[in-house]
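Just so it is clear, none of the values below were taken in a lab; they were calculated from the coordinates. Note that the structure is a prediction, hence the values are computed from the model and not measured. Counting neighbours? That spans all protein chains shown, and the Cβs are built from the backbone with ideal geometry, glycine included.
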Amino acid sequence: MMDLFSCAYTGDLLAGVDEVGRGPLAGDVLAAAVILDPARPISGLADSKKLSEARREQLFVEICANAHSWSIARASVAEIDGINILQASLLAMHRAVQGLHVQPEHVLVDGNKLPRWRYSSEAVVQGDNRVPAIAAASIIAKVTRDREMVELDARYPGYGLAKHKGYPTKAHIEALQLLGVTPIHRRSFAPVREVLVVGV
């Protein structure tokens, strides 16, 4: 059960925002924004990391069908390497909110930092455990990114992307050392940078 965040905003146009993919060595960082519809509640919303893959997939369908508005956005590997992962994550969040077909009156963002934007907003630490709309955003973002990593695994076999989703597991780092760096790897991240230096 959620320890619900107490928000001063009480209207219906409240967006929750979360990102996924800050830690991986490969792939874009994704963010989602969701405005839930109070008339069509979704039961079982929780931090996506605490849900099984099957449950996330089920909730993904329910959120897309029942939310008032939802949006997915990203910052690319090139943007991550160019402006750093924190700024890229905030950029993806900004793009996700801009992509909502209904613009929110207030935005709650998971974490302790906010993008620079015009929206009335608050950062909520552990928001994916405390705000249903943020939990919904975390599910949308994670399911989308996980699916993309499975597709990239077929394009770049041998790295195990479908299994570890790009995170710096021992198997992933060993594959990097053996197979080299691909266009989807983040060159600004130390384990990737070290492989590039060795290869020079």
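Name all residues of region 1-39 having a backbone nitrogen under 14 Å from the label point set 7 Å from the Cα of Asn66 along its Cα→Cβ direction, giving them as ranges. Flagged as within label range: 35-39. Take the convex hull of the alpha carbons in the chain; its mean projected area over all directions comes to 11.3 nm². With a ≥ b ≥ c taken as the square roots of the eigenvalues of the C-alpha gyration tensor of region 8-123, please select rounded if a/c is under 1.5 and otherwise prolate if a/b is larger than b/c or oblate if it is not? Note, shape of region 8-123 comes out oblate. The ranking of His94, His101, His106 by Cβ neighbour count inside 10 Å, starting from the fewest, reads His101, His106, His94. If you take all other residues with their beta carbon under 9 Å from the beta carbon of Asp28, and give Lys and Arg +1 and Asp and Glu -1, the sum is 0. How much net charge surrounds Glu151 when only other residues with a Cβ under 13 Å from its Cβ are counted (Lys, Arg +1; Asp, Glu -1)? Its environment carries a net charge of 0.
One chain, two ends: Ala54 and Arg155. Fully extended at 0.36 nm per residue, the span grows by 33.9 nm beyond their Cα-Cα distance.
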